[in-house]
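To keep things clear, I will list the structure first and then write my remarks on it.
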Amino acid sequence: MGLLDFLKTDDKKKIAGLVKKVKEPYSQPEVRQEALEALFKMATPEAYAAALKRFTYVCQSLHWDGEEKKWLVENLVKVGMAAVPPLQEFVRTDDNVNLAFRALERIVPEGQSLEILLGALTSRSPEDYRRTQAKLELIDHLGTRKPSPEVWAAVAPYLDDHSDDVRTKLLEVVEGWNLEAAGPAVAKLIADDTLSARVHRRAAQCLCALKVKLNPPPTLPPAAAEDYTVDGDGQVVRKKPA
């Protein structure tokens, strides 16, 4: 075993010790901060990946939780491209991706960040019931982007996600995009009597906002029919007050 191998072993032990401090939600903030600074001084992909563990929990003090995470975002951005591989891996695999992706999109070009965003979302299938939080955060980020056929093709399957939270979040994004092309897919939710009243109501609201004329006209389920109706053009409209 050569000198470099010993150094690598020592680095692994050092990182493991620092990670333990970074991941301690009940320690003093100075302890976590010193551990984060030490990891950044090491300046290796493994050290940056270890620092990202700070995004995975909320510490006892909400003030220091916010300050530490803000510090981490800003310093990842300062590191620049060297921080991209660990950030990309974190966004692909962890459940708390919001702040990591915010750092990532400030480093790489817009097209690359969109590619990473779509890849991270599609790595978590609609059938995966364990990854709901990450899907919600990634779809929320997509809502800040302009829609395109590529983006819609990637996210449309999540209207069939196992989670009502994911379905309704995507409906919110579709409405914000004013994406008329999504109308037929949203109408399928209305026609599915196995879905919850919450999804039916949100789908009706989305169709009303999109002003899509559907042929054949949909039949509204009871939960949606409380506030909406379908006019002669096959468009979902809000009922007028009695």
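The values are calculated or read from the model by the stated rules, or taken from the named source; none is laboratory data. Keep in mind that this is a model prediction, so the values were computed, not measured. Using ideal geometry, Cβ is built from the backbone for each residue, glycine included, and neighbour counts are taken over all protein chains shown.
Restricting to region 128-161, what's the tally of residues that are more than 25 Å from Glu180 (Cβ to Cβ) and modelled with pLDDT under 95? Qualifying residue count, region 128-161: 4. Is it the case that some residue within region 118-125 is in a loop (DSSP other than H, G, I, E, B), within 16 Å of the chain's Cα centre (by Cα) and crowded, with 17+ Cβ neighbours inside 10 Å? Yes, because at least one residue in region 118-125 is in a loop (DSSP other than H, G, I, E, B), within 16 Å of the chain's Cα centre (by Cα) and crowded, with 17+ Cβ neighbours inside 10 Å. Quick check on region 164-187. Is at least one of its residues touching a Phe, Trp or Tyr at 6+ places or on another chain (Cβ under 8 Å) and hydroxyl-bearing (Ser, Thr, Tyr)? Looking through region 164-187, none of the residues is touching a Phe, Trp or Tyr at 6+ places or on another chain (Cβ under 8 Å) and hydroxyl-bearing (Ser, Thr, Tyr).
Contact map, region 211-235: first residue under 10 Å from Ala187 (Cβ atoms), second residue at pLDDT below 95 and among the basic types (Lys, Arg), Cβ cut-off under 6 Å, separation 6 or more or different chains; pairs are Gly234/Lys213.
Residue pairs whose Cβ atoms lie under 9 Å apart, sitting 6 or more positions apart in sequence or on different chains, and linking a residue in region 186-202 that is on the phi < 0 side of the Ramachandran plot to a partner that is of a type in the set (Phe, Trp, Tyr) and surrounded by fewer than 22 Cβ atoms within 10 Å (Cβ to Cβ), are Arg201/Tyr228. Among the residues making up region 188-198, those that are modelled with pLDDT of 95 or more, among the aliphatic types (A, V, I, L, M) and surrounded by fewer than 21 Cβ atoms within 10 Å (Cβ to Cβ) are Leu195, Ala197. Quick check: anything in region 146-154 under 18 Å from the mean Cα position of the chain (by Cα), touching a residue at least 40 places away in the same chain (Cβ under 8 Å) and part of a helix (DSSP H, G or I)? Within region 146-154, none of the residues are under 18 Å from the mean Cα position of the chain (by Cα), touching a residue at least 40 places away in the same chain (Cβ under 8 Å) and part of a helix (DSSP H, G or I). Being of a type in the set (A, V, I, L, M, F, W, C), assigned to a loop (DSSP other than H, G, I, E, B) and surrounded by fewer than 18 Cβ atoms within 10 Å (Cβ to Cβ) is a property that does not hold for Val77.
Give region 80-104 a look and list any residue that's surrounded by fewer than 17 Cβ atoms within 10 Å (Cβ to Cβ) and either farther than 17 Å from Leu121 by Cβ or of a type in the set (Gly, Ala, Ser) (or both), or say none. Residues satisfying the conditions are Gly80, Met81, Ala82, Pro85.
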